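Visitor: My questions will all concern the structure given below.
We did not get these values from a lab; they are worked out from the coordinates using the rules stated. Quantities reported herein were computed from a predicted structural model and do not represent experimental measurements. Quick reminder, even Gly has a Cβ in these numbers, built from the backbone with ideal geometry, and neighbours come from all protein chains shown.
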Amino acid sequence: MDVLCVALRKNLLSVAVRLLWPNRNYARLAEVGRLEAPKVSGKYETGQLILHRVFGYRGVVLFPLACEDLPQHREGDEEPHPGVGKEVRGRTHTFYQVLIDQRDCPYIRAQTEAVTFLGNQDSSRSLYAIPGLDYVAHEDIIPYVSAEKTPLNHELFDKFLTRNTKGDPPFVAQETLRAWQNKNHPWLELSDVHKETTENIRVTVIPFYMGCRESHANSVYWWRYCIRLENLGSLSVQLRERHWRIFSLSGTLETVRGRGVVGQEPALTRVLPAFQYSSHVSLQAPSGHMWGTFRMEREDGYTFDCRIPPFSLESKPEGGSATPPDTI
């Protein structure tokens, strides 16, 4: 792992961070904390320090979110047609909104630039960005206790959290975090997680409603969707092309093809088996659907289409009428 590694010392798991020095051919390890046993049941609380099991970065939990894992498409099923039939609900899972330690961002295979949304602060519907914010599944969290005086490097850490004198969790929410959550929760919370596995490549999609921009001529609704690709097999695979179909409630069906994703053709290997990115889509209707495929090339030359699970694009009430989740 490029950033974080685990050392076994006297039956204690110690978290160590690899400090990469510019223009040097060596690195040194420094202990930054001690791992705790992951929770089999229950939730992690606001202020819990975590390691991401897949991407290896350090972070802190802002608040948990309950979402439903929708059943994936089965072999032999017909191509999904938006707006036809009922959506069958799946198991409820817990995800966590976390701040990422900015020192780790350059080394992880996930976009950590910003979570974006059309904030409701004013009538202009300006685009707001929150850097280093991620959504992490419960099973991907490894809790730890930090040995550092400043355990997390993020511009919002001191604004949102303060040290807990009782010690567990080590930090608690400040009023600024509660106010921020109450104000922006429609754009930041998730409700559905969509998963599909093809040829040992698992695709996970989480859509987020960003808001609506209105003009005299029309209304444009925006969504952000986060996609994670994981190689569950032993052979390396590289993403070569994407093929999207976007259906709008207005009746339009758009097809998008292109090389790679976000300007990259990521390889999923045994050493680096996962890649995560975010993108955006807009519709001139309050709802729609997206689905598609990724063209993958395996190291033995075999190519195949990896299905992207169909997911809904649903708008939400604006103006703060919805009730935020009771999570802090």
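Visitor: Count neighbours as other Cβ atoms within 10 Å of each site's Cβ, and list the trypsin sites (Lys or Arg not before Pro) in the stretch 116-215 that are DSSP loop with at most 13 such neighbours.
Guide: Lys149, Lys166
Visitor: With a cut-off of 8 Å between alpha carbons and a minimum separation of six or more residues, what is the relative contact order of the stretch 175-308 in percent?
Guide: 26
Visitor: Equivalent ellipsoid semi-axes for the stretch 214-256, as square roots of 5 times the alpha carbon gyration tensor eigenvalues: give them largest first, rounded to whole Å. Please list the in-between numbers first.
Guide: Values: eigenvalues 234, 33, 13 Å².
Equivalent ellipsoid of the stretch 214-256: 34, 13, 8 Å, largest first.
Visitor: Name the long-range amide H neighbours of Gln174: under 5 Å, sequence gap of 5 or more, or other chain; modelled H, no Pro or chain starts.
Guide: Residues meeting the amide H criterion: Leu161, Thr162.
Visitor: Loop only per DSSP, at most 10 neighbouring Cβ atoms within 10 Å: give me the trypsin sites (Lys or Arg not before Pro) in the stretch 239-322, ordered by residue number.
Guide: Arg270
Visitor: Computed on alpha carbon atoms, what radius of gyration and Dmax characterise the stretch 157-282, expressed in Å?
Guide: According to the Cα coordinates of the stretch 157-282, Rg and Dmax are 19.5, 56 Å.
Visitor: Additional query: State the dimensionless ratio Rg/Rh of the stretch 141-223 (Rg: radius of gyration of Cα atoms; Rh: Kirkwood radius). Let's see the in-between values first.
Guide: Numbers: Rg = 18.9 Å, Rh = 16.9 Å.
My calculation of the ratio gives 1.12.
Visitor: State which entries of Lys149/Lys316; Lys166/Lys195; Lys159/Lys316 exceed 32 angstrom in Cα-Cα distance in the structure shown.
Guide: Pairs exceeding the cut-off: Lys149/Lys316; Lys166/Lys195.
Visitor: I've got another one for you. Calculate the translational D of the stretch 244-322 in whole µm² s⁻¹ from Stokes-Einstein, where the hydrodynamic radius comes from the Kirkwood formula applied to all Cα pairs, the temperature is 4 °C and the viscosity 1.567 mPa s.
Guide: In µm²/s, the coefficient rounds to 86.
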